[in-house]
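The next block holds one structure in the form of structure tokens; read it before the comments.
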Amino acid sequence: MKETQYKSFDEWVQNFASNLPDIWNETSAKDLMKNTSEYESSSAIVIGRGPAINKFQHLKLLAESNYQGNIICCDGKLIDTLKAGVTPDKFPNFYVTTIDPYPAIAQHYDDPIVDEFGPKINGIFTVLTNPDAVKRARGAGIKIHWLHSLFDYNEGKKSFNQISALMVRAKNHANGLPAIQTGGNVGTSSWFIGWKILKCSTVALIGINHGWEEDDSWETILSHGNNYDISKGIDRSSPAFDKLFKKIYNPDFNCNCILDPLFQFYSMAFKEFISRSPDWLTTINATEGGSIFGEKIQCMKFKEFLSRY
């Protein structure tokens, strides 16, 4: 976590500075907040790009369903989701979320199908988003709604979160923007958006594995983040390697998954957030695999979720 922050901090500040004129003149994610009276009757599906979503054809199941709730699509799965027939024409409460601040995020919006459906999609973007990604999404007609991603707020008045929040309030956003924890990834962030911003009482997850499939190649696993650098020089048959790349058993879906160091952090943080969530919130893991199970998490097959909700 510290390594990522220290390496990227200058880039994050530059992104914010470039975005600030647009943040002042565009919409707050607070404008998407619904009345608390809707808590008991609303639901959302968070769509990630974990391997189980393709393995179990979840997008096809969703496209053919009569689901009436909210769709919160992680940016990395947006193009695939639209191409699968899960579009705002059929699911009008359609949102896309961008949290990562890197230039490569722009490619998640760079497709003719995003241009086709963009005007019917609400985008929820962190103030640290790379300006090229925001520009491409805006060019597709996606309406931008801004929020803060909390990463150093614990440092108080000297934190960049605190300073950027004050700068945002200087013009047009007198009460500031909403701020959410992210867990370091767009999937966890989208879960927060589901209940903190959209006020849904039920949030279901598909494509949120936070882990590798047991039969994924080591080449694939080691390509994630800094996994190669972390494991370099460590014998793969050693206890040290097993600790870095834990294999865990998911009892709800009767499968194993492998957690690299990054997924260990994602999974641990997300499960802690869920365990601390309010009692009125129901979190359903319909991914049918991965590492998200435990306290306050209901696991069920996606087909069952769609039949219930």
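Per-structure values
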| item | result |
| --- | --- |
| Given (1) within 21 Å of Asn254 (Cα to Cα); (2) in contact with a strand residue (DSSP E or B) (Cβ under 6 Å, 6 or more places away or on another chain); (3) buried (at least 24 other Cβ atoms within 10 Å of the Cβ), number of the condition Glu214 does not satisfy | (3) |
| Cβ pairs under 6 Å, 6+ apart, first in the stretch 8-34 and over 12 Å from Leu147 (Cα atoms), second acidic (Asp, Glu) | none |
| Some residue of the stretch 42-49 being touching a residue at least 40 places away in the same chain (Cβ under 8 Å), in contact with a strand residue (DSSP E or B) (Cβ under 7 Å, 6 or more places away or on another chain) and farther than 25 Å from Lys199 by Cβ | yes |
| Sole exception among (1) at pLDDT 85 or above; (2) within 23 Å of Glu272 (Cα to Cα); (3) not basic (Lys, Arg) for Gln162, by number | (2) |
| Test: residue in the stretch 75-90 that is within 30 Å of Ala174 (Cα to Cα), at pLDDT 95 or above and surrounded by 16 or more Cβ atoms within 10 Å (Cβ to Cβ) | yes |
| Residues of the stretch 252-276 satisfying the condition of being among the basic types (Lys, Arg) and over 13 Å from Cys299 (Cβ atoms) | Arg276 |
| Neighbours by Cβ (under 8 Å, 6+ apart or cross-chain): first from the stretch 132-143, among the β-branched types (Val, Ile, Thr); second part of a loop (DSSP other than H, G, I, E, B) | Ile142/Ile121 |
| Long-range neighbours under 6 Å by Cβ, at least six apart or interchain, first residue touching a residue at least 60 places away in the same chain (Cβ under 8 Å) and surrounded by fewer than 22 Cβ atoms within 10 Å (Cβ to Cβ) within the stretch 171-193, second of a type in the set (D, E, K, R) and outside any loop (DSSP other than H, G, I, E, B) | Pro178/Lys30 |
| Matching residues, the stretch 142-175, being in a loop (DSSP other than H, G, I, E, B) and within 11 Å of Thr126 (Cβ to Cβ) | Phe151 |
| In the stretch 193-217, residue farthest from Thr126 (Cα to Cα) [restricted to those that are assigned to a helix (DSSP H, G or I) and touching a Ser or Thr at 6+ places or on another chain (Cβ under 9 Å)] | Trp195 |
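Let's see how each residue does on (1) aliphatic (A, V, I, L, M); (2) more than 19 Å from Thr97 (Cα to Cα); (3) at pLDDT 95 or above; (4) in contact with a Leu (Cβ under 8 Å, 6 or more places away or on another chain):
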{"residue": "Thr126", "(1), (2), (3), (4)": "no, no, yes, yes"}
{"residue": "Gly139", "(1), (2), (3), (4)": "no, no, yes, no"}
{"residue": "Trp146", "(1), (2), (3), (4)": "no, no, yes, yes"}
{"residue": "Asn154", "(1), (2), (3), (4)": "no, yes, no, no"}
{"residue": "Leu177", "(1), (2), (3), (4)": "yes, no, yes, yes"}
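The values are calculated or read from the model by the stated rules, or taken from the named source; none is laboratory data. Small disclaimer: the values here were computed from a predicted structure and weren't measured. Neighbour counts are summed over all protein chains in view; Cβ atoms, including those assigned to glycine, are modelled from backbone coordinates with ideal geometry.
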